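Colleague: Sharing a structure with you now.
The values are calculated or read from the model by the stated rules, or taken from the named source; none is laboratory data. Quantities reported herein were computed from a predicted structural model and do not represent experimental measurements. Don't worry about glycine lacking a Cβ; one is built from the backbone with ideal geometry, like all the others, and counts go over all protein chains shown.
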Amino acid sequence: MDAQLSTLLFEQRRFPPPPEFAASANAGEALYRSAERDHEAFWAEQARALHWIRPWDRVLEWNPPHAKWFVGGKLNVSANCLDRHLDGPLRNKAALIWEGEPGDRRVLTYWDLAREVRKAANALKRLGVGKGDRVAIYMPLVPEAAIAMLACARIGAVHSVIFGGFSAESVRDRVNDAEAKVLITADAGYRRGQVLPLKRMADAAMAGTPSIRHCVVVRRRPGGEGDEAFAQMTEGRDHWWHRLLDAESAECEPTPVDAEDLLFILYTSGTTGKPKGIVHTTGGYLTQVAATTRYVFDLKPEDVFWCTADIGWVTGHSYVVYGPLANGATVLIYEGAPDWPERDRFWSLVERHGVTVLYTAPTAIRAFMKWGTEHPGRHDLSSLRLLGSVGEPINPEAWIWYHTHIGGGRCPIVDTWWQTETGGIMITPLPGVTTTKPGSATTPFPGITAELVDTAGTVITKGGGFLTLPEPWPGMLRTIYRDDQRYRDTYWSRFPGRYFAGDGAKLDEDGYWWILGRVDDVLNVAGHRIGTMEVESALVEHSSVAEAAVVGRAHELKGQALAAFVTLKDGQHPTSELKDDLKAHVTQKIGAIARPDDIFFSADLPKTRSGKIMRRLLKDIAEGRALGDTTTLADPNVVSRLKEMYEEKEG
């Protein structure tokens with residue numbers, strides 16, 4: 001078997017930066033040269049853009065696999081995101097523009113946000129929360145979620161944000177692992193017109209969380225206080241958010257925090273079934289997310305920045321809250337679904353709020369493709385000047401659709417690769433510098449080193465292999481909470497001395513990175529190691545296909561055969577002729593080796609709550625195995641329908 005991955009697709013289209021964009025861009029070629037001259041000095045320069053209570057003694061202390069950045073330095077994240085903006089023109093600038101799914105809206109200036117954060121921090125202190133204590137946040141996407149995060153940071157408490165779509169059992173497991181003292185939640189949230197009973201879920205979770213002393217409840221529903229159908233309040237434990245804050249002072253000095261003190265724990269799924277508590281500290285993390293926000297998104301004072309992620313995911317932590325606010329940006333937050341009440345909701349938001357920078361996921365882009373161009377076509381999207389992609393590799397045709405129908409052919413696209421564990425963006429174009437290629441994340445951000453290796457761990461400079469990070473970076477995870485051996489085993493054991501979190505990639509002749517997806521999504525077909533992302537991209541290039549997921553199933557001759565799960569665009573219908581046409585299309589685009597043996601049409605694909613396709617479950621379906629844990633699926637019924645389709649075929 002080859003030591004490298006086979007790389008099959010060849011993308012020839014090129015998009016240089018528009019000259020007028022490049023002329024005023026925040027980043028230029030000099031940024032790369034500065035980082036190449038001295039890696040540590042580059043990051044020190046980025047850190048100096050923050051306010052430090054005490055300067056650091058050493059930039060980096062590296063004892064693999066553990067790094068400490070800005071050793072001895074002290075700062076406060078809340079003060080960097082709020083206080084330092086209050087003495088100048090940003091004081092009365094909109095910090096957060098919020099729209100709820102029902103259409104309710106709020107705007108908080110930096111002054112407003114600072115007052116609310118200080119009062120919330122005082123309320124937490126009154127409940128006995130101190131430096132180093134853990135606070136769980138289980139909320140809909142409302143301003144109070146960001147306020148709670150910043151309030152924790154202000155007093156040196158450690159927050160653990162739990163996505164508001166998780167079950168009571170998932171909340172319980174995360175609270176118990178972190179031993180959180182306080183849970184902050186809401187009476188309810190909205191999703192696709194439904195009212196989600198978050199407090200009821202929180203109550204079910206707290207039945208098994210002995211560490212919780214207090215629960216603070218935000219009143220999301222109008223007139224919701226006292227509505228026991230949504231918020232039964234336990235005397236002595238439960239408190240209404242608004243009542244607590246009304247009793248508190250708007251003055252709260254920020255607590256000096258060591259650069260290596262914990263800022264947050266964020267739980268991500270693990271192969272063992274037990275979530276991994278990813279630990280991020282303060283100084284290095286804030287340095288990286290502030291720098292990447294400034295340069296990757298080319299933020300200007302007049303921008304309205306919309307990262308569509310929920311703050312329950314790392315993308316929301318880094319590019320809804322900390323990165324943009326550290327840069328004094330205006331941030332749009334939207335609570336609900338992109339297709340509620342109509343499929344043009346995103347585009348109405350862009351038009352109504354004058355969004356200039358949009359950062360969203362390929363999953364969403366492919367859904368928009370499926371729904372058709374008439375929905376964005378109803379709206380004036382001329383305010384947009386930069387588009388971003390995050391979450392998984394973007395298919396070239398989805399990239400082109402995004403560029404053409406959302407960006408009007410004028411907006412650079414920054415296709416970013418990073419992970420929960422990396423804290424911030426790692427591989428990305430710089431929009432005023434980089435000539436982009438649809439589907440490529442292009443090159444590492446200045447100050448980041450990435451290397452491709454083969455199965456033996458040997459560095460290769462072209463072709464397919466495994467994406468590794470041989471040098472530390474400021475925003476990197478420090479460990480897995482209370483399980484350092486798991487940290488070592490998970491990320492550092494496969495290629496000793498190198499961070500490896502499981503992604504395959506290829507390097508082309510220009511040194512551009514193409515992310516191929518998880519290596520557990522790499523198939524061995526007749527001795528060829530084929531990344532599923534390339535086959536999926538070929539399928540999505542077909543005019544009838546909106547989305548595709550490819551997995552492998554056992555084959556007695558080839559070792560593995562390709563099984564494709566395909567979602568069609570609106571107006572297209574599944575037929576046996578279309579199956580044959582899709583197989584022929586893949587053969588034409590890639591070659592016979594990548595021709596799917598099976599194609600299944602599906603109205604939807606099983607996805608995690610963050611929108612990623614759960615190929616693990618599709619593999620289970622294709623192999624006829626048990627489905628396993630489906631608690632993180634957006635719609636578990638999808639999997640059952642797909643399994644039934646597969647079983648009917650086998651029967």
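Colleague: Could you check region 17-126 for strands (runs of 3 or more DSSP E) lying wholly inside it with 1 or more residues that are at pLDDT 95 or above and under 20 Å from T282 (Cα atoms)?
Modeller: Once the strands (runs of 3 or more DSSP E) in region 17-126 are filtered for at least 1 residues that are at pLDDT 95 or above and under 20 Å from T282 (Cα atoms), what remains is 58-63, 66-71.
Colleague: Just give me the residues in region 388-398 being under 22 Å from W313 (Cβ atoms) and either under 15 Å from the mean Cα position of the chain (by Cα) or not aliphatic (A, V, I, L, M) (or both), in sequence order.
Modeller: Those that are under 22 Å from W313 (Cβ atoms) and either under 15 Å from the mean Cα position of the chain (by Cα) or not aliphatic (A, V, I, L, M) (or both): G388, S389, V390, G391, E392, P393, I394, N395.
Colleague: Pairs, please: C-beta under 9 Å, at least 6 apart or cross-chain, first residue over 13 Å from R498 (Cα atoms) and in region 467-478, second modelled with pLDDT under 95 and part of a strand (DSSP E or B)?
Modeller: Hits for this filter: zero, empty list.
Colleague: Name the pairs: first residue in region 204-217 and in contact (Cβ under 8 Å) with a residue 40 or more places away in the chain and basic (K, R), second residue part of a strand (DSSP E or B) and buried (at least 22 other Cβ atoms within 10 Å of the Cβ), Cβ to Cβ under 7 Å, at least 6 apart or on different chains?
Modeller: Sorted first by the residue in region 204-217, then by its partner, the pairs are R213/V182.
Colleague: Now for a different question. Could you check how many residues of region 148-163 are of a type outside the set (V, I, T) and either at pLDDT below 95 or touching a Gly at 6+ places or on another chain (Cβ under 6 Å) (or both)?
Modeller: 1
Colleague: Something else now. Tell me the strands (runs of 3 or more DSSP E) entirely within region 230-345 that contain at least 1 residues that are surrounded by 18 or more Cβ atoms within 10 Å (Cβ to Cβ) and under 17 Å from the mean Cα position of the chain (by Cα).
Modeller: Result: 262-268, 276-281, 304-307, 330-334.
Residue-by-condition table, conditions (1) surrounded by 22 or more Cβ atoms within 10 Å (Cβ to Cβ); (2) more than 30 Å from S493 (Cβ to Cβ); (3) more than 20 Å from the chain's Cα centre (by Cα):
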{"residue": "V357", "(1), (2), (3)": "yes, yes, no"}
{"residue": "T373", "(1), (2), (3)": "no, yes, yes"}
{"residue": "R385", "(1), (2), (3)": "no, yes, yes"}
{"residue": "G407", "(1), (2), (3)": "no, yes, yes"}
{"residue": "T449", "(1), (2), (3)": "no, no, yes"}
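Colleague: Filter region 388-405 for residues that are farther than 23 Å from V161 by Cα and crowded, with 23+ Cβ neighbours inside 10 Å and give the result.
Modeller: G388, P393, I394, N395, A398, W399, Y402
Colleague: While we're looking at this one, here's another question. From the residues in region 141-173 that are of a type in the set (V, I, T), in contact with a helix residue (DSSP H, G or I) (Cβ under 6 Å, 6 or more places away or on another chain) and in contact (Cβ under 8 Å) with a residue 40 or more places away in the chain, which one is farthest from P197 (Cα to Cα)?
Modeller: Here the answer is I155.
Colleague: Assigned by TED's automatic domain parsing to the domain that holds V217 and over 14 Å from I333 (Cα atoms), is that true of A114? Explain how you work it out, then say what you get.
Modeller: Details: assigned by TED's automatic domain parsing to the domain that holds V217: yes; over 14 Å from I333 (Cα atoms): yes.
So A114 fits the description; yes.
Colleague: Test of understanding: among L384, L349, which residue is at pLDDT 95 or above, outside any strand (DSSP E or B) and in contact with a Cys (Cβ under 9 Å, 6 or more places away or on another chain)?
Modeller: The match here is L384.
Colleague: Can you pull out every residue in region 387-424 that is modelled with pLDDT under 95 and outside any loop (DSSP other than H, G, I, E, B)?
Modeller: P396, E397, A398
Colleague: Now for a separate question. Does any residue of region 450-457 turn out to be of a type outside the set (V, I, T), touching an Asp or Glu at 6+ places or on another chain (Cβ under 8 Å) and either within 18 Å of G283 (Cα to Cα) or outside any loop (DSSP other than H, G, I, E, B) (or both)? It would help to see each step written out before you state the result.
Modeller: As a first pass, look at region 450-457 and keep what is of a type outside the set (V, I, T): 450-452, 454, 456-457.
Subset that is touching an Asp or Glu at 6+ places or on another chain (Cβ under 8 Å): none.
Checked against the condition, which is being of a type outside the set (V, I, T), touching an Asp or Glu at 6+ places or on another chain (Cβ under 8 Å) and either within 18 Å of G283 (Cα to Cα) or outside any loop (DSSP other than H, G, I, E, B) (or both), region 450-457 yields no hits at all.
Colleague: Name, by its number, the condition in (1) closer than 25 Å to W399 by Cβ; (2) modelled with pLDDT under 90 that does not hold for D581.
Modeller: Only one criterion in (1) closer than 25 Å to W399 by Cβ; (2) modelled with pLDDT under 90 is unmet by D581, namely (2).
Colleague: Given P438, P470, P474, P444, which one is in contact with a helix residue (DSSP H, G or I) (Cβ under 6 Å, 6 or more places away or on another chain), surrounded by fewer than 24 Cβ atoms within 10 Å (Cβ to Cβ) and at pLDDT 95 or above? It would help to see each step written out before you state the result.
Modeller: Values: P470 fails: in contact with a helix residue (DSSP H, G or I) (Cβ under 6 Å, 6 or more places away or on another chain); P474 fails: surrounded by fewer than 24 Cβ atoms within 10 Å (Cβ to Cβ); P444 fails: in contact with a helix residue (DSSP H, G or I) (Cβ under 6 Å, 6 or more places away or on another chain).
None of the others qualify; the one that does is P438.
Colleague: Scan region 537-548 for residues that are within 22 Å of the chain's Cα centre (by Cα), closer than 17 Å to I515 by Cβ and at pLDDT 90 or above and jot them down.
Modeller: Residue satisfying the conditions is A548 alone.
Colleague: Please find, within region 158-181, the residue that is surrounded by the fewest Cβ atoms within 10 Å (Cβ to Cβ) out of those that are among the small types (G, A, S) and in a loop (DSSP other than H, G, I, E, B).
Modeller: Per the stated criteria, the residue is S167.
Colleague: Is it true that some residue in region 121-137 is under 30 Å from W340 (Cβ atoms) and touching a residue at least 12 places away in the same chain (Cβ under 8 Å)?
Modeller: There is at least one residue in region 121-137 that is under 30 Å from W340 (Cβ atoms) and touching a residue at least 12 places away in the same chain (Cβ under 8 Å).
Colleague: I'm trying to understand the selection: among the residues of region 468-489, which are touching a strand residue (DSSP E or B) at 6+ places or on another chain (Cβ under 8 Å) and over 26 Å from T292 (Cα atoms)?
Modeller: Selection gives R482, D483, R486.
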